[in-house]
1. Among H137, H263, which comes first, second and so on when ranked by fewest other beta-carbon atoms within 10 Å?
2. Please report Rg (one decimal) and Dmax (integer) in Å for the Cα set of the stretch 27-311.
3. Going by C-beta contacts inside 10 Å, put Y114, Y56 in order with the fewest on the left.
4. Among 280-291, 197-208, what's the highest-first ranking by average C-beta atoms within 10 angstrom per residue?
5. Arrange K148, K273 by Cβ neighbour counts within 10 Å, fewest through most, would you?
6. In Å, what Kirkwood hydrodynamic radius results for the stretch 81-163 from the alpha-carbon pair distances?
Amino acid sequence: MATQASVVSSSAIPSESIPNQTCNVFTYKESARVLFPTFYIIVLVISVSGNSLVLYITCQKKQKFNSTSLYLINLAISDTLFTLALPGRITYYILGFDWPFEEALCRLTAMIFYSNTYAGIAFMTCISIDRYLAMVHPRRCLRLRNVKVVRGICVLVWVIVLLETSPLLFRTMMKKWDEHRTCMEYSNLDESPKTPYVLLFACATGFCIPLGLILGCYSQINSKLSRMAKENPMTSKSGKSQRAKNVILLILLSFVVCFGPYHINIMQFMVRKLLHEPSCEEKKVFKMSLQVTVAMMNLNCCLDPVIYFFAIKTYKQRVVSLFKGYMPSLSSKSMPENSSSNT
């Protein structure tokens, strides 16, 4: 997980030193000044709106939380905290990869970025396992889905993630480049021969293993539903059964689309780095692809509220109720549907 973040941060070159840099990986700076700020402004607006709505409706009325809703609330909290780092990144891109703030803020941005990334992955995995236990082992694993136990798991996830990312606050994250001060750039990677191995291990534990768990949960639930459908065709139409399947499918799609390209990009470059020293052109391509895949990964904070909408029946009903006065036609069409396909 955040081992990857720690390696990157620990290898950053102090901003006071300006080594000989013969390969300029910032060749697309002008186009990036337009594309990335525009993208992140859209992400900021959608994420703040979606996740604030989740937290507002959830906290508006006291309700009985279950294991799934607790995991989803923590996911929304993680995404909301992440948006605090976006204004700084937007400014950084507008200025052409020039960080105008203090280094302490750069370090804090790095910590928030990696905390959101891997807290998001952890809670998505927890939700998938929770749905698997509810569908495949509904009675045998009741204790693991107990609200008190789930709260403890959520606290444990936050403690682990924060412990792993907190070292970023104490390491140099900035580097001078052509009169610019870059922040959180992978061009600061350590040239140690151990770096590719450490990053490959981090990607395996932070992405590949959770992906395997989510895939396993989805396949087991799908298999269980298929058996139930053969035994009783009406069971396959059960809203609860289909909801469990659809929630994990949404998580799987979001996981693959948002986190997949970034981690695959890191792994393929590290493998090539083990085989030969990358040329300047390869570094430029890697820098550009990394910027794009990081943007795709940040998109997950916009998609998580969609998962919440389809996963929690009461949330869906309260959203419809909240906008009832503004969109009467939506309310009249949606409420009957909710009653028949509760989530």
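Readers should treat all values here as calculations from the given coordinates under stated rules, not as data from a laboratory. Predicted model, so just to flag it, every value in this text is computed and none were measured. Here Cβ is always computed from backbone atoms with ideal geometry, including for glycine, and neighbour counts include all displayed protein chains.
1. Fewest-to-most Cβ neighbours within 10 Å comes out as H137, H263.
2. 20.6, 70
3. Y56, Y114
4. Order by mean packing, descending: 197-208, 280-291.
5. Ordered by Cβ neighbours within 10 Å, fewest first: K148, K273.
6. 15.1
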